[in-house]
Amino acid sequence: MAEPYDGTFTTSEEWFDSGGTSCAARVYRPTAADQPSPVIVMAHGFGAVRALRLYAYAERFAAAGYAVVVFDYRNFGESEGEPRQVLDIAMQHEDWRAALRYARSLEGIDHTRIVAWGTSFAGGHVITIAGQGEPLAAVIAQVPHVSGPAAVRSTGLRAALRVTVPAIRDAIASRLGREPVYVQSAGLPGHTAMMTSPDAYPGMHTLLRESGLKEDAYPHTVAARIALKIGLYSPQRWAGNIKCPVLVQIVAQDAITPKRVAERAAGKMRHSTVRVYEGGHFDPYVEPLFGTVIADQIEFLRRHVPSLPKERA
């Protein structure tokens, strides 16, 4: 059942199928829409779930007249799928395509005006699927992962080596049908975790706090096998194939996706708008930077995928 928010939009909890597994989706619908609405499909980054601040973005988009679908990947968050916390890149691409098909099927949606919004690892996903030919009206890639080798270099040799042993153990366990070997998604420098930059651990906890979530609301782990794949995943290879407008939002002090690497990837796109902000990888999600970041996203949308008749005139 749809629940009213503040009079400008309603929300409902829905499900869609991806590879035979049910994925959880929250659907936002603007109440003032008198014609088919453009829709923004959103998902989070590495090992994260939609409840970590993505609803804050979705509320702003819905209030601006856009329908929104915010989903969790299989094996994460409210979505189904076993074993839990397994991050498979190809499977997440399938989830994206399933979510986009689902969004196009919704009543009252203009299926020709679909926007893919991804942040961090998902920023890389939306660049990839757009470059592979997914028909989209626009893409928003916030602090996107664009280069596997650059991500490994920014992690540092020692940090990378610390996750290699559990990654190999997990890969073997997967082959033998055993339970996954997990590592923390974010940890303190010197600890064994996928992200150990100085801002990673405090950044993740800031997202929890600002989302109104308790520490144990969601697992903070991921199956370690993904550490063997990150260095091979470079969405920038698809950047030059993207035909639709793309907003690429970069932070100058990003310790996970270096600024110069993200700018180089954006430069390959035919119709890119680049915005650079002072801050670190986790800063766009919360104030004081959040307000500026979301304002730039809405301005980009109004220019390229307007929601109101007067904006299209």
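For region 30-88, relative contact order (Cα pairs under 8 Å, six or more residues apart, normalised by length) works out to 36 percent. The residues of region 96-250 have, on average, 44 Å² of accessible surface per residue, using a 1.4 Å probe with all protein chains present.
Annotation note: GluC sites (Glu not before Pro) in region 207-313 located in DSSP loop regions with a Cβ neighbour count of at most 14 within 10 Å are Glu215, Glu278.
Computed over the Cα atoms of region 1-132, what is the convex hull's projected area averaged over all directions, in nm²? For the Cα atoms of region 1-132, the hull's average projected area reads 7.4 nm².
Once Kirkwood radius over Cα pairs in Å is worked out from the coordinates, which option in (i) 19.5; (ii) 20.1; (iii) 24.2 does it equal? Of the listed options (i) 19.5; (ii) 20.1; (iii) 24.2, (i) comes from this structure.
For the chain, the dipole from Cβ point charges (+1 on Lys and Arg, -1 on Asp and Glu) about the Cα centre works out to 1240 debye, to the nearest 20.
Using a probe of 1.4 Å, the accessible surface attributed to Ser154 totals some 40 Å² when neighbouring protein chains are kept in position.
Rolling a 1.4 angstrom probe over the protein heavy atoms, how many square angstrom per residue are accessible across region 43-85?
23 Å²
Restricting the calculation to alpha carbons of region 239-313 gives Rg and Dmax of 13.7, 42 angstrom. Seen against the Cα atoms of the chain and their longest principal axis, helix 121-131 is set at about 60 degrees.
Which angle between 0 and 90 degrees, to the nearest 10, do you get for helix 54-63 versus the longest principal axis of the chain when only C-alpha atoms count? Value to nearest ten degrees: 10. For the set Leu100, Leu176, solvent exposure ranked by accessible area (probe 1.4 Å, protein chains only) runs largest to smallest as Leu176, Leu100. Among the protein heavy atoms of region 161-313, carbon and sulfur supply 54% of the accessible surface, probe 1.4 Å, non-protein parts ignored. The charge dipole of region 138-190, taken about its Cα centre with unit charges on the Cβ atoms of Lys, Arg (+1), Asp and Glu (-1) only, comes to about 180 debye.
How about region 180-263: which trypsin sites (Lys or Arg not before Pro) there are in a DSSP loop, with at most 15 other Cβ atoms within 10 Å of their Cβ?
Lys214, Lys229, Lys243
Taking each DSSP H run with n ≥ 4 as -39500 (n - 2.57) and averaging over every residue of the chain yields -10000 deg cm²/dmol at 222 nm. Compared with the dominant Cα axis of the chain, that is its longest principal axis, helix 290-304 is turned about 50°.
Contact order for the chain, expressed relative to its length and based on alpha carbon pairs under 8 Å spaced 6+ residues apart, stands at 17 percent.
The values are calculated or read from the model by the stated rules, or taken from the named source; none is laboratory data. Because the structure is a prediction, the values reported are computed rather than measured. Using ideal geometry, Cβ is built from the backbone for each residue, glycine included, and neighbour counts are taken over all protein chains shown. Areas reflect the complete protein model, heavy atoms only, side chains present, ligands, DNA and RNA absent. Shrake-Rupley method; radii C 1.70, N 1.55, O 1.52, S 1.80 Å.
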